[in-house]
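Notes to accompany the following structure.
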Amino acid sequence: MESFDPDALVIPNGHFIDGEIVNGGPGSDYLPVSRPSDHVRYAQMPVANSELVDRAVQSAWRSQRQSGWGKLPPRDRARVLRRFADLVEQDVATLAPLEAVGSTRPVRDATAWDVPYTAECIRFFAELADKYGGEVAATSPSLLGMTLTEPIGVVAGIVPWNFPLVLATWKIAPALAAGNAVVIKPSEMTPFSVLRLAQLAVQAGVPAGIFNVVQGDGRITGDALVRHPRIGKVSFTGSTRSGASIMAACAETGIKPVTLELGGKSPQVVFSDVPDLDAVARRIVMGITGNAGQVCNAGSRLLIQRPLAEAILGRLIPIFNGLRAGATWSASTTLSPIISEAQATRIDGILQRAVSAGAQLHCGGGRADAPIGGAFVAPSILSSVARDSEIVREEVFGPVLTVETFEDEEEALELAQHEDYGLAAGVHTADLGRALRLVRGIEAGNVWVNRYGRSSDFIIPTGGYKRSGLGKDLGRQAFEANLRSKSVLIDLNG
Ligand code: NAD
């Protein structure tokens, strides 16, 4: 799908508990929800208070025990999840515009990537359902020792707004495949597409109560969810600041295991031996302007070996200037809106302070012209930036690229490291030895060579070092993190 009429969509609204959408009920608070593309308020979302969160978690807990989901033969669970994935794929004409209307994801991308990727991610974890079972240990002959794996119970998934369906699925799919129930809290800015996902799960045969959704902000709803005594694990994606509060809440309320996928400030390192400058330029552009830079692993710090700087900048600037701001429902859009006016104002401030401090602006630097009322930031490139300046150190979460140059490999590695973050890095070089030295040297949880970004190979886990996170999404590691391991010893002479 290339375009649609945003006013013609039917938007599901409410929480999802015990297999159905429930509204806020009497006395509920509501939050207005706006379309990022034009700032039109299109819904009032109910906010789950602690009683409603309790209802959702109790439903999940009961259902995980009573519906048999956790005790299903794993291949049967996998069959239900494969059916779920098929329904997601078949539902693209509903899911893609629903995702696009309230988020920053253009419908073309939601159709071609977000929805099929979501389905395929569910399939990947379905396939893992019967691949784990613990092991028999090498004990003394009079004993039989083994480990058993078991579902944790109820997993809370708390997710941000930048890829609402995909990031929720990174939590939902491994948790369900491992036999858990989930309670998902989407971002208060993009609350609705995951409701459709929950409906499809039930249609596929996931028992009512195994997949619940509570709507609300972090302060009331998110906090009540994390602190609920029947939550066995929290899987969070969002900012480092929220992740730290959630980790503290998990420690205070039951030593709950927690997975944190947090912010980043990732470098793209370009050496002058790269064979194809146009290809490198395209990767750099995608890495920082895709979703208008509102991507955790945005390649926001470009590090170029000095002789190449002019040639690379000369290629980037026209592409940056050629991106067309527009609504997520319009076929001509190649630059997404910023999620909110407040976030765009924050980006304006960072840009202005950088220029006042002496940064050289090569393009952008303020708002982009757009044919519609949302907040759009013009893709911006800045050089002459100090290494310890705000724009180089802080996550901007917008289409803003800083450029620094280096002399040699040693300096490149030094510039690539970030004191606090370690989410991702890109290395572009024709020299394999150098690429591998940087792969080993860069302190980041994801390093990509001669490409930038993840692939659809779900087997490769993703996660950050340092303040970029704890634990992994995707891969076997995400599946294992949704299981508990029980150690069993049997005395054969007892
Ligand atoms: P955010 O931290 O403000 O919110 C994320 C989610 O957490 C929302 O659903 C919010 O309501 C909830 N929340 C906030 N505070 C909470 C609390 N104390 N307790 C419980 N829930 C709480 O982040 P955001 O602005 O929605 O998303 C942008 C951030 O997410 C960026 O920093 C980005 O780098 C990060 N991110 C990381 C990854 C990754 O894989 N590492 C992926 C996408 C986004």
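With respect to S193, determine if the residue is assigned by TED's automatic domain parsing to the domain that holds L98, in contact (Cβ under 8 Å) with a residue 60 or more places away in the chain, in contact with a Pro (Cβ under 6 Å, 6 or more places away or on another chain) and within 26 Å of I11 (Cα to Cα).
Here the answer is yes, as S193 does meet what is asked.
Taking segment 372-399 as the region of interest, how many residues are more than 19 Å from I339 (Cβ to Cβ) and not charged (D, E, K, R)?
Residues in segment 372-399 being more than 19 Å from I339 (Cβ to Cβ) and not charged (D, E, K, R): 9 in total.
Please work out which residue is farthest from the ligand (Cβ to nearest atom), limiting yourself to segment 467-486 and to residues that are at positive phi and in contact with a Leu (Cβ under 9 Å, 6 or more places away or on another chain). Working first, answer last.
Applying the first criterion (at positive phi) to segment 467-486 yields 469, 471, 474-475.
Retained after the next criterion (residues that are in contact with a Leu (Cβ under 9 Å, 6 or more places away or on another chain)): 469, 471.
Numbers: G469: 6, G471: 11 Å.
Of everything passing the filter in segment 467-486, G471 is farthest from the ligand (Cβ to nearest atom).
Only one residue in R35, R65 is more than 19 Å from A177 (Cα to Cα) and not β-branched (V, I, T). Which one?
Going through R35, R65 in turn, the sole match is R35.
Are there any strands (runs of 3 or more DSSP E) wholly within segment 135-197 with 2 or more residues that are of a type in the set (A, V, I, L, M) and either within 16 Å of the ligand (Cβ to nearest atom) or under 23 Å from the mean Cα position of the chain (by Cα) (or both), and if so which?
Ranges flagged: 154-158, 181-185.
Each row is one residue, and each column tells you yes or no for (1) in contact with a helix residue (DSSP H, G or I) (Cβ under 8 Å, 6 or more places away or on another chain); (2) under 25 Å from P207 (Cα atoms); (3) of a type outside the set (D, E); (4) not assigned by TED's automatic domain parsing to the domain that holds A175.
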| site | (1), (2), (3), (4) |
| --- | --- |
| M1 | yes, no, yes, yes |
| I11 | yes, yes, yes, no |
| I17 | yes, yes, yes, no |
| I21 | yes, yes, yes, no |
| V33 | no, no, yes, no |
| H39 | yes, no, yes, no |
| A43 | no, no, yes, no |
| V47 | yes, yes, yes, no |
| A60 | no, yes, yes, no |
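Could you list, in sequence order, all residues of segment 4-27 that are free of Cβ contacts under 8 Å to residues at least 12 places away in the same chain and among the aliphatic types (A, V, I, L, M)?
A8, V10, V22
Can you tell me which residue within segment 360-382, out of those that are without any contact (Cβ under 8 Å) to a residue 40 or more places away in the chain and more than 26 Å from the chain's Cα centre (by Cα), is surrounded by the most Cβ atoms within 10 Å (Cβ to Cβ)?
L382
Would you mention how many residues in segment 299-343 are among the charged types (D, E, K, R) and under 21 Å from the mean Cα position of the chain (by Cα)?
Going through segment 299-343 one residue at a time, the tally reaches 1.
Could you please let me know if E395 is buried (at least 17 other Cβ atoms within 10 Å of the Cβ), assigned to a strand (DSSP E or B) and modelled with pLDDT of 95 or more?
Here the answer is no, as E395 does not meet what is asked.
Out of curiosity, is K466 in contact with a Gly (Cβ under 9 Å, 6 or more places away or on another chain), at pLDDT 95 or above, basic (K, R) and surrounded by fewer than 16 Cβ atoms within 10 Å (Cβ to Cβ)? Step through it out loud before you land on a result.
Numbers: in contact with a Gly (Cβ under 9 Å, 6 or more places away or on another chain): yes; at pLDDT 95 or above: yes; basic (K, R): yes; surrounded by fewer than 16 Cβ atoms within 10 Å (Cβ to Cβ): no.
For K466, the condition - in contact with a Gly (Cβ under 9 Å, 6 or more places away or on another chain), at pLDDT 95 or above, basic (K, R) and surrounded by fewer than 16 Cβ atoms within 10 Å (Cβ to Cβ) - is not met.
Picking from T147, T118, which residue would you name as being under 27 Å from V57 (Cβ atoms) and at pLDDT 95 or above?
Values: T147 fails: under 27 Å from V57 (Cβ atoms).
Answer to the selection: T118.
In segment 205-215, is there at least one residue being part of a strand (DSSP E or B), within 16 Å of the ligand (Cβ to nearest atom) and crowded, with 24+ Cβ neighbours inside 10 Å?
Yes, that holds for at least one residue.
Among (1) more than 16 Å from the ligand (Cβ to nearest atom); (2) in contact (Cβ under 8 Å) with a residue 12 or more places away in the chain; (3) on the phi > 0 side of the Ramachandran plot, which single condition is A292 missing?
Here A292 clears every test but (1).
When you scan segment 1-104 for strands (runs of 3 or more DSSP E) that lie fully inside it, which ones turn up with 2 or more residues that are within 17 Å of A208 (Cβ to Cβ)?
15-17, 20-22
Suppose the filter is surrounded by 20 or more Cβ atoms within 10 Å (Cβ to Cβ) and out of contact with any Gly (no Cβ under 7 Å at 6 or more places or on another chain); does A416 pass it? First the steps, then the outcome.
Values: surrounded by 20 or more Cβ atoms within 10 Å (Cβ to Cβ): yes; out of contact with any Gly (no Cβ under 7 Å at 6 or more places or on another chain): yes.
Judged against the criteria, A416 is a match.
I'd like the full set of residues that are aliphatic (A, V, I, L, M) and surrounded by fewer than 24 Cβ atoms within 10 Å (Cβ to Cβ), limited to segment 150-165.
I152 - this is the single residue of segment 150-165 that is aliphatic (A, V, I, L, M) and surrounded by fewer than 24 Cβ atoms within 10 Å (Cβ to Cβ).
Here are S300, S332: which of them is touching a strand residue (DSSP E or B) at 6+ places or on another chain (Cβ under 9 Å) and either within 23 Å of T111 (Cα to Cα) or crowded, with 24+ Cβ neighbours inside 10 Å (or both)?
So the residue among S300, S332 that is touching a strand residue (DSSP E or B) at 6+ places or on another chain (Cβ under 9 Å) and either within 23 Å of T111 (Cα to Cα) or crowded, with 24+ Cβ neighbours inside 10 Å (or both) is S300.
Can you name the residue in segment 216-256 that is in a loop (DSSP other than H, G, I, E, B) and among the hydrophobic types (A, V, I, L, M, F, W, C) and is also nearest to the ligand (Cβ to nearest atom) among such residues?
I231
When you go through A112, A129 one by one, which is the residue that is at negative phi and buried (at least 24 other Cβ atoms within 10 Å of the Cβ)?
It is A129.
Just the residues that are outside any loop (DSSP other than H, G, I, E, B) and among the hydroxyl-bearing types (S, T, Y), please, taken from segment 328-384.
Matches in segment 328-384: T345, S356, S380, S383.
Considering every residue within segment 450-463, establish whether at least one is over 30 Å from E150 (Cβ atoms) and surrounded by 22 or more Cβ atoms within 10 Å (Cβ to Cβ).
So far as segment 450-463 goes, yes, one or more of its residues are over 30 Å from E150 (Cβ atoms) and surrounded by 22 or more Cβ atoms within 10 Å (Cβ to Cβ).
Give me the pairs, please: first residue somewhere in segment 336-359 and closer than 19 Å to F320 by Cβ and in the same structural domain as V400 (by TED's automatic domain parsing), second residue anywhere and charged (D, E, K, R) and within 16 Å of the ligand (Cβ to nearest atom), beta-carbon distance under 8 Å, and either six or more positions apart or on two chains.
S336/R105; I350/E390; I350/E394; A354/E390
The values are calculated or read from the model by the stated rules, or taken from the named source; none is laboratory data. Keep in mind that this is a model prediction, so the values were computed, not measured. Counting neighbours? That spans all protein chains shown, and the Cβs are built from the backbone with ideal geometry, glycine included.
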